[in-house]
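*Asks:* Quick one: structure below, then a few questions.
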Amino acid sequence: MGLAIQVQAQKVELDNELSKSKLSVTNDTTARKIEFGANLNQGSFSTNWTGGGVNSVALGLFFNALSLNKKGVHSWRNDFQSQYGIVKNKGQESRKNIDKIYFDSKYNRELSEHWSLFGNFNFLSQFGKGFEYVSEDGAPEYRKHVSGLFSPAYLTEAIGIEYKPVPYFFVDFAPAALRQTIVIDKNIQESVPTNYGVPFNKKIRNEVGIIQLVANFDKDIAKDVNLKFRYLVYTSYNKNILTDKKEFNGDHRFDASINAKIAKYFNVNLSAILVYDKDQHANVQFAQGLGVGFLYQIK
């Protein structure tokens, strides 16, 4: 069972391509898009069910807002994304299965048809406390507090140049970028030895970037099927740009999602996240989610 509501408000009439999340235009334009959704999933089994299983309930919510204001060679883009989901299995406490707060605000000044200068501000964190559930040598499971609101959080300010060959794809290159890693909860360091790179006696770590590169793609690849991805790589003066093995030393994050409208009021969303950041973990981290919901649109 699922519920999703999507509301779109636009001050000017856009063509069909723009109304499908391609908020990139050449004329003076103000465009808005707001999305809200919820998915509820439930499963239960009789006591004699031979296939195995556990009774569970899962609830997922999201709220997204995207705006573009363009006047002449000047444009301002604001992108807010938020997701939160919990799952409750029989015999266990409720656990979150997705949690994200993301906001990006960017100003562009066009130099030519495909090139522009930009300056942007980016924020990434989560809403609630996160726990790692551990069981050792057959002992009862216990949880370790590993994250929370502003623990960690990442603020990034960057200036650079943007290349946008087509409306649905752009690459931002920033030779000058600042990043603040924030951990306000001092108890985090008890469970996360690296403390996300923040010194134990401080709440903020500042980094000056050598390179930040962002590639962003958002396009309808088939009728009623939309593909989005965002790839970010960042390295700072605090780190050697090459490791001892002569490998590039940087932080990587890749977010991707496919959204398909399968009927007038239903859609399916598949999302995936890859993170490689040695201040978080020595290995690549991966998260994946699948949602099915009822969709209602107002244009």
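*Asks:* Please work out which residue is farthest from L124 (Cα to Cα), limiting yourself to segment 74-95 and to residues that are modelled with pLDDT of 85 or more and charged (D, E, K, R).
*Replies:* In this case the residue turns out to be R77.
*Asks:* Among what's in segment 212-246 and is among the aliphatic types (A, V, I, L, M) and modelled with pLDDT under 85, pick the residue that is nearest to the chain's Cα centre (by Cα).
*Replies:* In this case the residue turns out to be I241.
*Asks:* Any residue at all in segment 49-59 that's of a type outside the set (D, E, K, R), assigned to a strand (DSSP E or B), at pLDDT 80 or above and within 16 Å of the chain's Cα centre (by Cα)?
*Replies:* The answer is no, given that none of the residues of segment 49-59 is of a type outside the set (D, E, K, R), assigned to a strand (DSSP E or B), at pLDDT 80 or above and within 16 Å of the chain's Cα centre (by Cα).
*Asks:* A further question follows. Which of the residues spanning segment 161-200 are more than 14 Å from D279 (Cβ to Cβ), touching a Gly at 6+ places or on another chain (Cβ under 8 Å), surrounded by 20 or more Cβ atoms within 10 Å (Cβ to Cβ) and not charged (D, E, K, R)?
*Replies:* A174, A177, listed by residue number.
*Asks:* Report whether or not V171 is assigned to a strand (DSSP E or B), in contact with a Pro (Cβ under 9 Å, 6 or more places away or on another chain) and of a type outside the set (D, E). Quick ask: steps written out before the conclusion?
*Replies:* Details: assigned to a strand (DSSP E or B): yes; in contact with a Pro (Cβ under 9 Å, 6 or more places away or on another chain): yes; of a type outside the set (D, E): yes.
The answer is yes for V171.
*Asks:* May I pose another question? Has segment 99-115 got at least one residue that is β-branched (V, I, T) and at pLDDT 85 or above?
*Replies:* Yes: segment 99-115 contains one or more residues that are β-branched (V, I, T) and at pLDDT 85 or above.
The values are calculated or read from the model by the stated rules, or taken from the named source; none is laboratory data. All figures in this text were calculated on a predicted structure; none of them were measured in a lab. All Cβ positions, glycine included, derive from the backbone under ideal geometry; neighbour counts span all protein chains shown.
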